[in-house]
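Encoded as structure tokens, the structure appears first; notes follow it.
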Amino acid sequence: GCYFFLLHANLTFTSWWSFSSFIIVDTHVQYKREIRIMNILQFVSTQVWKALFGKNADSLERSIDNADEFMIVDYEPLTSTFVSVPADFGQLSVDAYMSGIVAGVLTGAGFSARVTAHSVALEEGEHSFGSNNNALSGGASSLPPRKEKAVFLVKFAPEVLERDAAMDR
């Protein structure tokens, strides 16, 4: 069967607003426990990302230089799309919040990793895939085009890499 969970949240603007959202969990779906690095990263960059942010991450890449590093790229991360960081805060990354979520999901699944968020300038010819087509604004966005993308650098613990390599033998 299905279970329905009711979530309540209160928001403060000029008055109190409350809204309810429903989450449906289908208990008949067979979920698979991921045991390989690429499979868990694919799961995080698609299923987890979509559940949390309403869309898949834009890309998943493996580092050429370091075998223990992977990058999840998001051209329009939800947290930094609507937050301005004052100049006196320097290199503060509001996307660090998202990196904490990714680290928690990976650690909870048995893949110890350090996840850091980085803002990287868009290269010439590279564009923000969803630019000015934000799902929260119904496609009518007055936001200027982004000049940076968020790169979430995932660095796995040595024991995770050893476990994954042992499965190849």
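For the set 53, 152, 89, the ranking by accessible area, highest first and with no ligand, DNA or RNA atoms included, is 89, 53, 152 under a 1.4 Å probe. Measuring with a 1.4 angstrom probe and ignoring ligands and nucleic acids, residue 167 comes out at about 70 Å² accessible. To the nearest 10, the accessible area of residue 123 is 120 Å² with a 1.4 Å probe. Placing pseudo-labels 7 Å out from each Cα toward the beta carbon at residue 161 and residue 63 gives an inter-label distance of 0.8 nm.
At full extension, residue 168 and residue 52 could sit 38.6 nm farther apart than now, given 0.36 nm per residue minus the alpha carbon distance.
In the stretch 148-169, which residues have a backbone nitrogen under 20 Å from the label point lying 7 Å from residue 35's Cα in the Cα-to-Cβ direction? Answer for this model: 157-169. Largest first, the residues 162, 76 sort by 1.4 Å accessible area into 162, 76. Once label points are set 7 Å from the Cα along Cα→Cβ at both residue 42 and residue 112, what is their separation, rounded to one decimal in nm? For the pair residue 42/residue 112, the computed spacing is 2.6 nm.
The values are calculated or read from the model by the stated rules, or taken from the named source; none is laboratory data. The shown structure was predicted, so the numbers you read here are calculated from the model rather than taken from an experiment. With ideal geometry, Cβ positions are generated from the backbone for all residues, glycine too; neighbour counts draw on all protein chains shown. For the accessible areas, the whole protein counts, side chains as well, though only heavy atoms, and no ligand, DNA or RNA atoms are used. Shrake-Rupley method; radii C 1.70, N 1.55, O 1.52, S 1.80 Å.
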